[in-house]
1. Taking the Cβ-Cβ separation of Thr379 and Val212 as r and a Förster radius of 22 Å, what is the calculated FRET efficiency to the nearest 0.05?
2. Any idea how far apart Val131 and Lys345 come out in nm if each label point goes 7 Å out from Cα toward Cβ?
3. Mind checking which lysines have their C-alpha under 25 Å from Lys292, skipping anything on the same chain fewer than 8 residues away?
4. How many percent of all Cα-Cα pairs in the stretch 281-391 sit more than 20 Å apart?
5. Give me the tail of P(r) for the stretch 223-269 as a percent: Cα-Cα pairs with distance above 11 Å.
6. Take the Cβ-Cβ distance between Glu154 and Arg232 as r, set R0 to 51 Å, and report the resulting FRET efficiency rounded to the nearest 0.05.
7. Can you tell me the length gained on complete extension of the stretch Asn329 to Glu196, counting 0.36 nm per residue apart and subtracting the Cα distance?
8. How many nm separate the modelled label positions at Asp261 and Ala203, each set 7 Å beyond the Cα in the direction of the Cβ?
Amino acid sequence: LKHPWALGQTPGNPTFAQPAVCWRVLARMAVTPTAAIVAGTSGSAILDLASPSVIVLALAVLAVVLIRWSSQGGSDQGIASLATPMSPSSAESIVGRVSEHGAFSSTPRLEGVISPGGTEVMYSNSSEPYVFSNDNCDGKVLFLHRPTHDRTLEKSGNYPFSDHFKGRKRLWECRIQFRFKRVVNDPLLFGIELDEYVPLNAASKKLMGLTVAALRHAAGKDLYHSPGDDPRTVTGPLEKPVFTMPLWAFDQLIVTPEGEDGPSLCDPHFSSFGSKRADDRSAFIKEISALKLRPGPTFTFSFWGISQFLDDINWEITKVIPFSKIDFNKFCGAPPVHYVLYTLKDDEDARGESRHLQSRKDYFFKLSFWSSKKPPSRTRLMEVIPPEALRRRPETEEVKRRKGWAGLFACCAPSQRSS
C-alpha cells in the first residue's frame, strides 16, 4: 500500500477502487476518537487505541475491497504488480502525451488504435471519422455502438446515432472507406485476429464451435476460422487465431466514381446509400465479387451482420447459448482483439501453405480494440498505443467533451483527473 501507484485514482470508481484510499477511510472508521492517524505522502497509516472488534470488521471489509479491486483489473498482475513500478523511460513519454487529453471518461465505450497508418486513439460514436494512411490505401473509419452497458440509456434514445439504431437488431456498425493506392489483385479478406494462441478446454472448444457456426450462418459459408497454432506442438512459423470472411460478407457497399467525394460516414442518411446485402443477397454477392479494387474510385463498406452476437462494450458473446453470455476473454485470452483487412501473398518460405501466416499477410487495415470496461493491461496498452497515436485532434466542441485518456494510465502515474 506504500507504492506510489496507490496514490492515483482508478477510472470509474475513484473513491473505493484504490486500496490506500480504502485504508484511510476504514482506519478513520475503526479507531476511537483518541486514536492517532498519520497519513503521509506514501499513503501509509498508523493506527493506535482502536477497538479490536471494529478493527477486525474494518480489515475484513478491506480484504473484500482488495479482492474486488484486483479482480477488476486494478493492475495487470494484481497486488504483486505494486512492487514493480514502470520505468520512467517507458511510461513518462507516453503518459505525458496521454495526460494532455484531460480526465478519464466514465462512459463505457469501444476504444482502439488503427494500424498501419493510424495517428490517434479511436473510440466508438465519434462525431467525425478517424483517418488512416498506409502503403496500400488511404482511408477513414467510424465505429457506431449501442450503449449496451445501460438499458435505460438505450431505451431513452439519448445517445449518438440512436436514430440509426432505432428499430434495428444490430448492436454496432463499422463503416470503412478506402481509396486504394494500387490495384488489389488478390482477394481482400476481413475479420477478427488475436495476438496469440489461447489454450481451450473441451467445454470452451465446444462453445467456440457453436459461436463459429452461428457466425458462419450470419456471414456465409466461405468463412475461414483457425484457433491458431499451439507453440507447444507446432514448430516453425505459427498461425495466429483468426476468423475471416470475403468482402461480400460486408452488409453495405457504396462505390463513388473517381473525381467525386465519397459519402460522409456520419451522414444520417448513410443507410440509404449504395447496395445492401439484406435487399438482394445474390445480387449483392455478385456485385462485390465483380469489384475491381483500384486507384481512382472511393470504396465505402459497412458491416454489422455478426454484431448481434458480439457485444464489444460489455466484452461478451450473446445469443449463442440461450439465456447465457460468454466472456470474450474465454476465447481471446485478453484484450485487445483486432479487426483486420488483408490479402494473402505467396511466401517463398511457405509455398503451398494454406494457413494465414503473418509472413503472408499484407494489411490494409487493422483496428486493435478493447472495451473501456475491460481494457488491456497497462503493459499491453503501452505496446499497443504508440506515441504518434496520441496526437491531439482539432479542438472541436466534441473533441473537448471527449478528452480523457489519463485515466487509462492511472496505474502508471498520479491522477490528473479534472472536473
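Read-outs: derived from the displayed coordinates by stated rules, not from any lab. These numbers were taken from a predicted model, which means no experiment stands behind them. Counting neighbours? That spans all protein chains shown, and the Cβs are built from the backbone with ideal geometry, glycine included.
1. 0.15
2. Going by the 7 Å Cα→Cβ label model, 2.7 nm.
3. Cα-Cα hits under 25 Å: Lys140, Lys181, Lys221, Lys276, Lys345, Lys361, Lys366.
4. Counting pairs separated by more than 20 Å, the tail of P(r) holds 63 percent.
5. Tail of the P(r) past 11 Å holds 79 percent of the pairs.
6. In this case the efficiency is close to 0.70.
7. Extra length from Asn329 to Glu196 when fully extended: 46.6 nm.
8. 5.5
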